[in-house]
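Reviewing the structure listed below.
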Amino acid sequence: MKNGILVLWVLGMVLSCQSDQKKNSATSPANAVKAETKVNLSDAQPEDLIGKMVEIPSGEFEMGANSDQADPDEYPKHTVRVDGFLMDVTEVTNKEFAEFVEQTGYITTAEQDIDWEEMKTQLPPNTPRPDPELLRAGSLVFRPTDGPVPLNNPGYWWEWTTGANWRQPLGPGSDLEGKEYHPVTHISWEDAKAYAQWAGKRLPTEAEWEWAAMGGMSNSVYPWGNELDRDDEIHANYWQGGFPFNNEEKDGFYLTAPVGTFQPNGYGLYDMSGNVWEWCEDLYHYEYYQEHDPSEIVYNPRGPQTSFDPDEPLIPKRVLRGGSFLCNDSYCSGYRVSRRMKGDMKSSYNHTGFRCVRDLPR
Ligand SMILES: [Ca+2]
Ligand SMILES: [Ca+2]
C-alpha cells in the first residue's frame, strides 16, 4: 500500500469524484478539438469573463433526482423557490485567487501542516498517530491507475502529496505557468469562504447552485439539456474513457481547462458541469431532502442544521456541486445538475474549486 493511500484512509477524506493530471500544458480552445468529435466550444476569452456576474432570476423548480443515475441522497424531489441573485459566470481562477493572496497574505489549508489534535477528533478512537512526515502540509492529487480498479475505493486514484497546493497543483515541481485562467484548485471550503468574504461575495446555497445550473430549463439533467454526448458531442470538461485509467480526452483536456472554454448555459454560466467541483455554503446531510414535505414549497433553503455522512459519520461536511474533469458515467456522473457531493471543510483536492454569488441590491 502506498503512503498516499494510507494517508487517504487515515485522513478519512474520501470525496468521491474525479480529478486529473498528466497534461500540464494549457490547451487552447483552438487545438482542443479532436477531429472525430464535436466539442461545443465557446468564442469567449477568459480574460473578458473573470470577475463578471450575471443575474439569476428568482424562480421555482423541482430540486433533486432527475435521472435514474441519481443517488439516494438526491431523493425525494421537492419544490424549492429561490430569490434572485448574482452569480460569477466562471469558476474562480488562479489569477483571481493570486490577487486575493497577494492582498491579504492568506495561507490556504493545503499550505498548513495538519494539526493532529484536531484531526484525531474526526477519526475512530485509538487511531494511531501517523508518521510526522505524513502530517506535513499537502493535498490530494489524482493519479491514474494502470488499469481498471474497483470504483468503490477512491484510495486507488487519490494520493496524498506533500507540497501540493493551489500554487503547485501536482506537487513540488509543478506550477501555474500558462494556467492563470484555469480554475484555482486545492481549495478547501474554509479557503473558499475566506475568498468570498474578501471579494464582498458569498458561496451559493445548494439550492441556488442547482437552480442556476439549469439555465432556465425545467428538470434538465445537464446544464445543456437531457442528453450526454449525443452524436459524440462534448459539452463540458469531464472524463471520456475508462475511469481512472484511460482518459480519451475527447474534450481536449486531461486536467482543468481555461474557464469559458465550453459553451455557457442559458444564464451565461460557464463550467456548471465539469472542470472543477464547486463548494456550496450548505452543510451536507444525506437525508436532508427527506426533511421536506414534497407537497409544500421550500423557500430559500440553506441546508440542514447538522451534517451527517454515513460513509464517515465523525466528519462534518459541506456540499460540492457540478463535477470535475474526473467525472464519468461509470463513477459519479457529477455533471448532472442534481448530483450532490460532500467534503470535509478542510479537505482539498486538485479537482476542487468554487465560484461566488452575491445578493441582488435591494
Ligand atoms: Ca476532459
Ligand atoms: Ca464546475
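The values are calculated or read from the model by the stated rules, or taken from the named source; none is laboratory data. Every value quoted in this text rests on a predicted model; they were computed, and no experiment measured them. All Cβ positions, glycine included, derive from the backbone under ideal geometry; neighbour counts span all protein chains shown.
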Before we move on, is Glu102 within 29 Å of His285 (Cα to Cα) and out of contact with any Ser or Thr (no Cβ under 8 Å at 6 or more places or on another chain)? no
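On the given criteria, is Thr185 of a type in the set (S, T, N, Q), under 20 Å from Val319 (Cα atoms) and either without any contact (Cβ under 8 Å) to a residue 60 or more places away in the chain or assigned to a loop (DSSP other than H, G, I, E, B) (or both)?
Values: of a type in the set (S, T, N, Q): yes; under 20 Å from Val319 (Cα atoms): yes; either without any contact (Cβ under 8 Å) to a residue 60 or more places away in the chain or assigned to a loop (DSSP other than H, G, I, E, B) (or both): yes.
Taking the combined requirement at face value, the residue satisfies it.
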Mind listing just one residue for me: the one in region 225-250 that is closer than 21 Å to Met214 by Cβ and part of a loop (DSSP other than H, G, I, E, B) and, of those, farthest from ligand 1 (Cβ to nearest atom)? Asn226
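Conditions (1) among the aliphatic types (A, V, I, L, M); (2) surrounded by 15 or more Cβ atoms within 10 Å (Cβ to Cβ), marked per residue:
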residue	(1), (2)
Gln69	no, yes
Met87	yes, yes
Phe100	no, yes
Ile107	yes, no
Glu118	no, no
Could you grab me the full set of residues in region 224-247 that are away from ligand 2 (no atom under 16 Å from the Cβ) and under 21 Å from Pro154 (Cβ atoms)? Gln240, Gly241, Gly242, Phe243, Pro244, Phe245, Asn246, Asn247
Can you report the number of residues in region 334-362 which are closer than 27 Å to Pro57 by Cα, part of a loop (DSSP other than H, G, I, E, B) and within 16 Å of ligand 1 (Cβ to nearest atom)? 2
For region 258-288, name all the residues that are among the aliphatic types (A, V, I, L, M) and either part of a loop (DSSP other than H, G, I, E, B) or under 23 Å from Glu55 (Cβ atoms) (or both). Val259, Leu269, Met272, Val276
Which pairs turn up if I take residues in region 312-333 that are over 14 Å from Glu74 (Cα atoms) and more than 13 Å from ligand 1 (Cβ to nearest atom) and look for partners that are among the polar types (S, T, N, Q) and not in a loop (DSSP other than H, G, I, E, B) with beta carbon separation below 7 Å, at least 6 apart in sequence or on another chain? Leu314/Gln122; Ile315/Gln122
Near pairs, Cβ below 9 angstrom, 6+ apart or cross-chain, from region 28-46 (closer than 13 Å to Ala236 by Cβ and modelled with pLDDT of 85 or more) to any residue that is among the hydrophobic types (A, V, I, L, M, F, W, C) and surrounded by fewer than 19 Cβ atoms within 10 Å (Cβ to Cβ): Val39/Val33; Leu41/Ala30; Leu41/Val33
Across region 200-219, what is the total count of residues that are surrounded by fewer than 21 Cβ atoms within 10 Å (Cβ to Cβ) and under 21 Å from Thr79 (Cα atoms)? 5
Residue count for region 132-160, restricted to those that are in a loop (DSSP other than H, G, I, E, B) and small (Gly, Ala, Ser): 2
